[in-house]
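The values are calculated or read from the model by the stated rules, or taken from the named source; none is laboratory data. This one's a predicted model, so the numbers in the text were calculated from it and none came from an experiment. When we count neighbours, we look across all protein chains shown, and the Cβ atoms used for this are built from the backbone with ideal geometry, even at glycine.
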Amino acid sequence: MSNPQHLRYSKEHEWLSPADEDGVATVGITEFAANALGDVVYAQLPDVGSTVTAGETCGELESTKSVSDLYSPVTGEVTEINQDVVDDPSLVNSAPFEGGWLFKVRVAEEPVDLLTADEYAAQNEG
Amino acid sequence: MSSSDARPLRRTALDAVHRSLGATMTDFAGWDMPLRYGSEREEHLAVRTKAGLFDLSHMGEITVTGPQAAAVLDHALVGNIASVALGRARYTMICRADGGILDDLIVYRTAETTYLVVANAANAQVVLDALTERAAGFDAEVRDDRDAYALIAIQGPASPAVLASLTDAGLDGLKYYAGLPGTVAGVPALIARTGYTGEDGFELFVAPEHAVRLWQALSEAGEDAGVVPCGLSCRDTLRLEAGMPLYGHELTTELTPFDAGLGRVVKFDKEGDFVGREALLAAAERAEKNPPRVLVGLVAEGRRVPRAGYPVVAGGEVIGEVTSGAPSPTLGKPIAMAYVDAAHAAPGTPGVGVDIRGSHEPYQVVALPFYKRQK
């Protein structure tokens, strides 16, 4: 699998897109994480308007075998959640970097400890 | 997903096949087993509508043979094994003297005085040790045959036709819980009509050196019918929908068969004494007079999934515990099996919920199984 070069990655397997001109960035989980979870059947995402904090839990993903906490890779206000994923959580498995994105955040603080695609791939080799 | 002890994981004869298929592997009772090949939901639905192929070589085979083989098993197990006809099989249990369940088993009578006992992988050594100890003084041999067999299952409505294309054995006459020796794809096999999915299907016990050949033959013969390789993840959701207990979840040493709602497997009227008899008589009486918790089905009204160990609640009180839970691909909702107090066990009992990480989610109490195939 290949991790898109333009994204940055958390150790907890979330990705963060570059912010757009309004300072809003998109968050999802990686293909590596989606494969490890198995079929995602339920996504509990943060409320629009709430504040998420880098490194803290902001929701959960249920799969066949387990439930996993969702960590925010960035601090900011949630501006939108992906209703398509709420309606059809399997998008997280089929298109984790695209249609399976989870939520959008107006970035309040530029995150400092995220990984590049290559660094993230190296972490998962271990 | 690492093993707690340092021993390397055991690999089945089909290990290279699983890896070439890109399986996600998992440590299951010390074995490196396929968890899923792709989507476990699609594997599950394939078994319900077409057929699926499983490597179950982790299961523990023990042969009991000799003039008193039936007497050994009648003494060691709770069932009436002497009454099993040649070529038939029986679901049974092995208990401790205090009635606690050591394992649930399938016993096949493969010859006049030979039985194949199939134990769960995690319990195989315990069962082998108990059988060996309990066979003392009988004229019969207990043999560890764990390495003598690979076990491949084909399960689902298409499985009879697929298997029939590879064997001359009379499958039409092979009933549920029967097994006969035959040849499949040129490979000698014990062909058993058993399974753990709630579907029609077969389990094929073969020599490990023949496992790859048999797997490939079944894959090719089943290609047009939509047969897919299936991992242990979907095996778990299939058995859960079918209301079948899993050792370590619904069955433990803390429970007798009567506590698990499976008192019917205990046969007090068989010949001779058996290990656990006295304790089980008391357990039967207790279950009759003062029923303990009852194993029920729960169906979610919401989308959050109950997991083993979650409390079942009613009116703010804990009234039971979830033993197995998963999103059900067939029902499209989360389901669970749980032991609940008898007062809340009737299907439709109002006000029952599951405490899912602090929030009480409403659940409907239903009779098991969740799914029964149309015959």
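For the subset of the stretch B:288-312 comprising residues that are away from every other protein chain (no Cβ under 14 Å) and crowded, with 20+ Cβ neighbours inside 10 Å, which member is farthest from residue B:346 (Cα to Cα)?
Only one residue fits best here, namely B:312.
Conditions tested, residue by residue: (1) more than 14 Å from chain A (Cβ to nearest Cβ); (2) among the aliphatic types (A, V, I, L, M); (3) in a loop (DSSP other than H, G, I, E, B).
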position: B:194; (1), (2), (3): yes, no, yes
position: B:209; (1), (2), (3): yes, no, no
position: B:218; (1), (2), (3): yes, yes, no
position: B:233; (1), (2), (3): no, no, no
position: B:269; (1), (2), (3): yes, no, yes
position: B:274; (1), (2), (3): yes, no, yes
position: B:283; (1), (2), (3): yes, yes, no
position: B:286; (1), (2), (3): yes, no, no
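Quick test for you: out of B:236, B:224, pick the one residue that is closer than 20 Å to residue B:28 by Cβ, acidic (Asp, Glu) and assigned by TED's automatic domain parsing to the domain that holds residue B:49.
Testing whether each residue is closer than 20 Å to residue B:28 by Cβ, acidic (Asp, Glu) and assigned by TED's automatic domain parsing to the domain that holds residue B:49 leaves just B:236.
Residue check, residue A:75 against (1) at pLDDT below 95; (2) touching a strand residue (DSSP E or B) at 6+ places or on another chain (Cβ under 7 Å), all met but one. Which one?
Unmet condition: (1).
Across the stretch A:18-48, what is the total count of residues that are small (Gly, Ala, Ser), touching a residue at least 24 places away in the same chain (Cβ under 8 Å) and out of contact with any Leu (no Cβ under 6 Å at 6 or more places or on another chain)?
Residues in the stretch A:18-48 being small (Gly, Ala, Ser), touching a residue at least 24 places away in the same chain (Cβ under 8 Å) and out of contact with any Leu (no Cβ under 6 Å at 6 or more places or on another chain): 5 in total.
Can you tell me which residue among A:39, A:84, A:118, A:22 is over 13 Å from the mean Cα position of the chain (by Cα), closer than 20 Å to residue A:4 by Cα and charged (D, E, K, R)? Show your work before the answer.
Details: A:39 fails: closer than 20 Å to residue A:4 by Cα; A:84 fails: closer than 20 Å to residue A:4 by Cα; A:22 fails: closer than 20 Å to residue A:4 by Cα.
Being over 13 Å from the mean Cα position of the chain (by Cα), closer than 20 Å to residue A:4 by Cα and charged (D, E, K, R) holds for just one of A:39, A:84, A:118, A:22, which is A:118.
From the residues in the stretch A:29-52 that are charged (D, E, K, R) and surrounded by fewer than 22 Cβ atoms within 10 Å (Cβ to Cβ), which one is nearest to residue B:232 (Cα to Cα)? Reasoning before the result, please.
Pass one, the stretch A:29-52, residues charged (D, E, K, R): A:31, A:39, A:47.
Next, only the ones that are surrounded by fewer than 22 Cβ atoms within 10 Å (Cβ to Cβ) stay: A:31, A:47.
Values: A:31: 22, A:47: 35 Å.
It comes out as A:31.
I'd like to check something: does the stretch A:4-18 contain any residue that is at pLDDT below 95, more than 13 Å from chain B (Cβ to nearest Cβ), under 18 Å from residue A:114 (Cα atoms) and assigned to a loop (DSSP other than H, G, I, E, B)? Walk me through how you get there before you give the answer.
Quick first cut of the stretch A:4-18, residues at pLDDT below 95 only: A:11-12.
Next cut, more than 13 Å from chain B (Cβ to nearest Cβ) only: A:11-12.
Adding the requirement that they be under 18 Å from residue A:114 (Cα atoms) leaves A:11-12.
Checking the rest, the ones that are also assigned to a loop (DSSP other than H, G, I, E, B) come to A:11-12.
Checking the stretch A:4-18: at least one residue is at pLDDT below 95, more than 13 Å from chain B (Cβ to nearest Cβ), under 18 Å from residue A:114 (Cα atoms) and assigned to a loop (DSSP other than H, G, I, E, B).
Have a look at B:241, B:223 and point out the one that is modelled with pLDDT of 95 or more, of a type in the set (Asp, Glu), within 28 Å of residue B:152 (Cα to Cα) and surrounded by 19 or more Cβ atoms within 10 Å (Cβ to Cβ). Please lay out each step first, then the result.
Details: B:223 fails: surrounded by 19 or more Cβ atoms within 10 Å (Cβ to Cβ).
Of the residues listed, the single one that is modelled with pLDDT of 95 or more, of a type in the set (Asp, Glu), within 28 Å of residue B:152 (Cα to Cα) and surrounded by 19 or more Cβ atoms within 10 Å (Cβ to Cβ) is B:241.
Any residue in the stretch B:307-323 that is in contact with a helix residue (DSSP H, G or I) (Cβ under 7 Å, 6 or more places away or on another chain) and polar (S, T, N, Q)?
Within the stretch B:307-323 (the criterion being in contact with a helix residue (DSSP H, G or I) (Cβ under 7 Å, 6 or more places away or on another chain) and polar (S, T, N, Q)), the answer is no, since none of the residues qualifies.
Could you please find all residues in the stretch B:248-275 being of a type in the set (A, V, I, L, M, F, W, C) and surrounded by 15 or more Cβ atoms within 10 Å (Cβ to Cβ)? Let's see the steps before the verdict.
First, the residues of the stretch B:248-275 that are of a type in the set (A, V, I, L, M, F, W, C): B:251, B:255, B:258, B:260, B:262, B:265-266, B:268, B:274-275.
Of everything in the stretch B:248-275, those that are of a type in the set (A, V, I, L, M, F, W, C) and surrounded by 15 or more Cβ atoms within 10 Å (Cβ to Cβ) turn out to be B:251, B:255, B:258, B:260, B:262, B:265, B:266, B:274, B:275.
Scan B:335, B:356 and give me the residue that is under 17 Å from residue A:63 (Cα atoms), more than 20 Å from the chain's Cα centre (by Cα), within 13 Å of another protein chain (Cβ to nearest Cβ) and among the hydrophobic types (A, V, I, L, M, F, W, C). Walk me through it before giving the result.
Working: B:335 fails: more than 20 Å from the chain's Cα centre (by Cα).
Residue meeting the stated conditions: B:356.
Filtering the stretch B:160-203 down to residues that are among the acidic types (Asp, Glu) and in contact with a strand residue (DSSP E or B) (Cβ under 9 Å, 6 or more places away or on another chain), which residue is farthest from residue B:235 (Cα to Cα)? Let's see the steps before the verdict.
Filtering the stretch B:160-203 down to residues among the acidic types (Asp, Glu) leaves B:168, B:172, B:199-200, B:203.
From the residues that got through so far, the ones that are in contact with a strand residue (DSSP E or B) (Cβ under 9 Å, 6 or more places away or on another chain) too are B:168, B:199-200, B:203.
Numbers: B:168: 28, B:199: 11, B:200: 14, B:203: 13 Å.
For the stretch B:160-203, the residue satisfying everything is B:168.
Here is a list of conditions, (1) more than 27 Å from residue B:247 (Cβ to Cβ); (2) within 14 Å of chain A (Cβ to nearest Cβ); (3) in contact (Cβ under 8 Å) with a residue 60 or more places away in the chain, and residue B:362 meets all of them except one; can you say which number that is?
Answer for residue B:362: the failing condition is (2).
Working carefully through the options B:330, B:349, find the one that is assigned to a loop (DSSP other than H, G, I, E, B), among the β-branched types (Val, Ile, Thr) and more than 20 Å from residue B:239 (Cα to Cα). Show your work before the answer.
Details: B:330 fails: more than 20 Å from residue B:239 (Cα to Cα).
Only one candidate qualifies: B:349.
Please work out which one of (1) away from chain A (no Cβ under 14 Å); (2) of a type in the set (S, T, N, Q); (3) touching a Lys or Arg at 6+ places or on another chain (Cβ under 6 Å) is the condition residue B:49 fails and give its number.
(3)
Picking from B:12, B:49, which residue would you name as being farther than 24 Å from residue A:32 by Cα and surrounded by fewer than 18 Cβ atoms within 10 Å (Cβ to Cβ)? Please lay out each step first, then the result.
Details: B:12 fails: surrounded by fewer than 18 Cβ atoms within 10 Å (Cβ to Cβ).
It is B:49.
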